[in-house]
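The values are calculated or read from the model by the stated rules, or taken from the named source; none is laboratory data. Just so you know, these numbers come straight off a predicted model, no measurement behind them. Neighbour counts are summed over all protein chains in view; Cβ atoms, including those assigned to glycine, are modelled from backbone coordinates with ideal geometry.
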Amino acid sequence: MSSMTLPVVSSEGGLARYFREIWAFPVLTEDEEYMHAVRWRDERNVDSAHSLVTSHLRLVAKIAMGFRGYGIPVADLISEGNIGLMKAVKKFEPERGFRLATYAMWWIRAAITEYILRSWSMVKMGTVATQKKLFFSLRRIKRQLNIIDNDELAPDQAARLAKHFNVAENDIIDMNRRLAARDASLNTPVGREREDGMEFQDTLVDDGPSPETLAADKEESDHRRALMSQAMEQLPERERHILAERWLKDEPKTLEELGVVYGISRERVRQLEARALDKVRKTVLTLSAEPAEAMA
């Protein structure tokens, strides 16, 4: 799907031309959407994937336009939203009974908001849920509460906002300063005396994981990989092969392809796949519990 050709916002026609292009794509009916979704999932039919994506480009544009107030070009927001849309199409399960737009909306918004957070400042901004909520809601709530400040909140204003968001006042003050500040060069001299050569980047703290944490994460990852390998080895050969072809390959085989290999129906392959997954899950849980029981 990565090679799919989609309209882009050009420097010549701008947004108006792009909107005309995407509005020319037909809106799929529920039956058409289901048909294309099944063809893409089971047959990797690129034409069906293209129809699913292009019929929802206007949804991306609508969502992207709602994030215009963060100083990011709309063209970039649309591009990121389109990436989120393609991820949604890739993971969409039509049998669940809801429309693609309902599912894709969350992927599109997530892609756009993550891009805004990455682009807002050269210094990494925290991305926990409360910080995201503050970043995208603080200015709007300030307007609703008639709070007008000159880059700095008064104590009573910070208290009102902290109560509204149910967070600490310091979190409100820090985020308000971040929204009011502009990015500065990492090479900007710090302090009045410039002879010492200290720059802004020298004052930054590395928030990345420590070497000890990285080593522990790798050890945990290796342990989980070993458990998965043991669980796979305990499966019958046919179930192990189906699971490997469906879950461990860069280009998974379809149920129909595996059905041809084994001379069974598509539904039977799905049943074998589900059974194998359940066996692996139970085996991994059992193997994970054994060290704890031994220590006890």
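Looking at ARG246, ARG238, ARG270, which one is part of a helix (DSSP H, G or I) and either touching a His at 6+ places or on another chain (Cβ under 7 Å) or modelled with pLDDT under 90 (or both)? Let's see the steps before the verdict.
Numbers: ARG238 fails: either touching a His at 6+ places or on another chain (Cβ under 7 Å) or modelled with pLDDT under 90 (or both); ARG270 fails: either touching a His at 6+ places or on another chain (Cβ under 7 Å) or modelled with pLDDT under 90 (or both).
Being part of a helix (DSSP H, G or I) and either touching a His at 6+ places or on another chain (Cβ under 7 Å) or modelled with pLDDT under 90 (or both) holds for just one of ARG246, ARG238, ARG270, which is ARG246.
Inspect segment 15-23 for any residue being closer than 26 Å to PHE135 by Cβ and over 23 Å from the mean Cα position of the chain (by Cα) and give the result as yes or no. Working first, answer last.
So in segment 15-23, the residues closer than 26 Å to PHE135 by Cβ come out as 15.
Imposing the further condition that a residue be over 23 Å from the mean Cα position of the chain (by Cα) reduces the set to 15.
Looking through segment 15-23, at least one residue is closer than 26 Å to PHE135 by Cβ and over 23 Å from the mean Cα position of the chain (by Cα).
Which of the helices (runs of 4 or more DSSP H) contained wholly in segment 6-104 include at least 3 residues that are surrounded by 16 or more Cβ atoms within 10 Å (Cβ to Cβ) and outside the structural domain of GLU114 (by TED's automatic domain parsing)? Write out each step before concluding.
Working: elements: 14-23, 30-43, 46-54, 57-65, 74-91.
Output list is empty.
Could you list, in sequence order, the residues of segment 106-165 that are on the phi > 0 side of the Ramachandran plot and either modelled with pLDDT of 85 or more or polar (S, T, N, Q) (or both)?
Correct list: ASN146 only.
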